[in-house]
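The values are calculated or read from the model by the stated rules, or taken from the named source; none is laboratory data. Predicted, not measured: the structure shown is a model, and the values here were computed from it. Note: ideal-geometry Cβ built from the backbone for every residue, glycine included; neighbour counts use all protein chains shown.
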Amino acid sequence: MTKPHRIDAALQWGNAQLTDSASPALDARVLLCHALAKPLSYLYTWPDKEISSAQLATYKTYIAERQQGRPIAHITGSRDFWSLTLQTSPTTLIPRPETELLVEAALARLPDGACGVCDLGTGTGAVALAIASERPDVTVLGCDVVPEAVALAKRNAKRNGLPNTHFIASHWFDDIEGRFSVIVSNPPYVESDSHYLNEGDVRFEPASALTSGKDGLDAIRHIISSAPPFLKSPGYLLLEHGYQQAEKVRELLHERGFTEVETIQDLAGLDRVTLGKMHFA
Ligand code: GLN
């Protein structure tokens, strides 16, 4: 191998190393940007630019870590979500693009004017912060049972300049007070014996953010049964779930007295978010 001292050669080399990745070329670009502390456009503009030995060494370390399976977001320490750049950490889930659907659906159901939103199991704060960024007049409370996640979400709120958010440690509703116009959650929902847990990035994410009992629905069942006293009338509960869980989630919402229950598909056409409306007489 010739020494990849030029940007184009370094990218080609990195791409060739990442045989186990589903996106080797993109991974190489993101890791080189991180090593150079430059944006993606820099790589396209200066393909023949020489990089320093120190930068090359850093890049090689990142490529080696990625070869071991470590998620890109853990190597770079951040992930873009919605219009925000969020810090990530191995203590919680890496934000996924499909979760932006939960944000869109929540925004579409928020009443005009000041009101409250609650995000259960907020992790990095992704959903709470994205909603807060679109609606400065809305106050968003995010909670997580993992104290490190709460601290991370608070940092992300600060870095993105979103003062209309609060984060607290709470196991689902246990330490929540008040009523909200909208409650959202991207809870753990993968079946505990799923093969999916042994593949790719999820191997490096905490089980507490991924799995929830044999059928994956333990957290969703708990949230649906506990939510009504925390909702205003009218109020909405919106849940992300696995692509094969929509029917069951709709059933649980109906059983608990929710109306206007519907499922929304993500960009891949998969059932991803199910929601219901609560209206007290
Ligand atoms: N969406 C996750 C995944 O596909 C599963 C857990 C979650 O998002 N709540 O890995």
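Brief remarks on what is shown
- Here segment 147-191 is the region considered, the condition is being away from the ligand (no atom under 12 Å from the Cβ) and of a type in the set (Ser, Thr, Tyr), and the residue that is farthest from Pro24 (Cα to Cα) is Ser181.
- Selected residue [in contact with an Asp or Glu (Cβ under 7 Å, 6 or more places away or on another chain), buried (at least 18 other Cβ atoms within 10 Å of the Cβ) and not basic (Lys, Arg)] from Ala246, Ala219, Ala227, Ala209: Ala246
- Residue count, segment 249-281 (criterion: part of a loop (DSSP other than H, G, I, E, B), loosely packed, with under 14 Cβ neighbours inside 10 Å and either touching a Lys or Arg at 6+ places or on another chain (Cβ under 7 Å) or charged (D, E, K, R) (or both)): 0
- Which listed residue is out of contact with any His (no Cβ under 8 Å at 6 or more places or on another chain), outside any loop (DSSP other than H, G, I, E, B) and free of Cβ contacts under 8 Å to residues at least 12 places away in the same chain, from Ala54, Ala35: Ala54
- Hits in segment 182-227 (condition: part of a loop (DSSP other than H, G, I, E, B), at pLDDT 95 or above and under 27 Å from Leu18 (Cβ atoms)): Ser194, Glu205, Pro206, Leu210
- The requirement of being touching a residue at least 40 places away in the same chain (Cβ under 8 Å), at positive phi and surrounded by fewer than 18 Cβ atoms within 10 Å (Cβ to Cβ) is fulfilled somewhere in segment 67-84, by at least one residue.
- Checking segment 109-121 against the condition returns no match, with no residue being among the aliphatic types (A, V, I, L, M), under 30 Å from Arg66 (Cβ atoms) and surrounded by 17 or more Cβ atoms within 10 Å (Cβ to Cβ).
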